[in-house]
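> Got a structure for you, written out below as structure tokens; questions coming shortly.
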Amino acid sequence: MTIDRQQIQQIPLFADLPDSVLEALTHIAIPVQRRASDILFYKGDPAPGLYAILHGRVKIAREAPSGREQVLTIAGVGQHFNTVPIFDQDPCPANAQAVTDADLVLFPVDALREVVEKQPTLAMALLAECCSYLRQLVSLVDDLALTTVQGRLARLLLSLAEEAERNPDVSPLTQAEMASRIGTVREMVGRTLKVFDSLELISMDHGVITICNPTGLREHAEY
């Protein structure tokens, strides 16, 4: 497998960059393939570089010593991750694990820094993405600190339903995975799902959750 310029241009981060930047990125791009559940790197590992996803999904998460996990994002096709070490040269700030089989592009940190130093348009694009990610993290902190588990779970269920409409092949989340997405524990997710079920907002059948009353669920979502 090789990476060509057209594949790089299909990554939204790079789509509008000048030809000279795309050529430079093509020269340093390394194809990477991972199976579902493979670890790309752990928090604290030396940063291999910036990854972009051509196929599949990758989970970015932090894990406490107790084993409790907080998912920061699930990155999909066209998205990228591990931008920060390109600028600060520090270790990876989170764990990255393939959720599905995945085809990725790796832009090695030292080679990418050289391109960034010569191409200000790329530097500005990466800086804008860092700012966008910082805003997402601020929203996540706000969400965890200022909203209830019911609100966070309602929003997650609505979001998962929208995702399933776009891609029916997406696997449903377990209660443990839901908990890691919304910053709580599996037992709390289970209790909250039972509350939603009793209110006839959702129905549960052998682990399959169906939204019965989207409007009512939105009222619990604390938008």
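Just so you know, all these numbers are worked out from the coordinates, no wet-lab data involved. Bear in mind the structure is a predicted one, so any value in this text is a computation, not a measurement. Backbone-built Cβ (ideal geometry, glycine too); neighbour counts: all protein chains shown.
> Within the stretch 203-223, can you find the residues that are polar (S, T, N, Q), surrounded by 13 or more Cβ atoms within 10 Å (Cβ to Cβ) and not in a loop (DSSP other than H, G, I, E, B)? Let's see the steps before the verdict.
First pass over the stretch 203-223, keeping only residues polar (S, T, N, Q): 203, 210, 213, 215.
Filter again for surrounded by 13 or more Cβ atoms within 10 Å (Cβ to Cβ), leaving 203, 213.
Passing the criteria: only Ser203.
> Continuing with the same structure: Give the residue that is surrounded by the fewest Cβ atoms within 10 Å (Cβ to Cβ), with candidates limited to residues of the stretch 97-154 that are assigned to a loop (DSSP other than H, G, I, E, B) and of a type outside the set (S, T, N, Q).
Step one: filter the stretch 97-154 for residues assigned to a loop (DSSP other than H, G, I, E, B), giving 99-101, 119, 147-148.
Subsequent filtering for residues that are of a type outside the set (S, T, N, Q) retains 99, 101.
Values: Val99: 17, Asp101: 14.
Per the criteria, the residue is Asp101.
> Of all residues in the stretch 178-197 being part of a helix (DSSP H, G or I), in contact with a strand residue (DSSP E or B) (Cβ under 9 Å, 6 or more places away or on another chain) and in contact (Cβ under 8 Å) with a residue 12 or more places away in the chain, which is farthest from Leu158 (Cα to Cα)?
First, pick out the residues of the stretch 178-197 that are part of a helix (DSSP H, G or I): 178-182, 186-197.
Going one step further and asking which of them are in contact with a strand residue (DSSP E or B) (Cβ under 9 Å, 6 or more places away or on another chain), we end up with 179-182, 193-194, 196-197.
Filter once more, keeping what is in contact (Cβ under 8 Å) with a residue 12 or more places away in the chain: 180-182, 193, 196.
On the way: Ser180: 17, Arg181: 13, Ile182: 13, Leu193: 13, Phe196: 13 Å.
Result: Ser180.
> Report, by residue number, each residue of the stretch 11-40 that is of a type outside the set (A, V, I, L, M, F, W, C), touching a strand residue (DSSP E or B) at 6+ places or on another chain (Cβ under 6 Å) and not in a loop (DSSP other than H, G, I, E, B). Spell out how you get there, then give the answer.
Looking only at the stretch 11-40, we keep the residues that are of a type outside the set (A, V, I, L, M, F, W, C), and these are 12, 16, 18-20, 23, 26-27, 31, 33-35, 37-38.
Now restrict to residues that are touching a strand residue (DSSP E or B) at 6+ places or on another chain (Cβ under 6 Å): 33-34, 38.
Matches in the stretch 11-40: Gln33, Arg34.
> If the requirement is being assigned to a loop (DSSP other than H, G, I, E, B) and either more than 23 Å from Gln97 (Cβ to Cβ) or aromatic (Phe, Trp, Tyr) (or both), which of these qualifies: Glu200, Glu162? Give the derivation first.
On the way: Glu162 fails: assigned to a loop (DSSP other than H, G, I, E, B).
After applying the criteria, what remains is Glu200.
> Sticking with this one: Restricting attention to the stretch 71-95, which residues are in a strand (DSSP E or B) and in contact with a Lys or Arg (Cβ under 7 Å, 6 or more places away or on another chain)?
Val71, Leu72, Ile74, Ala75, Asn95
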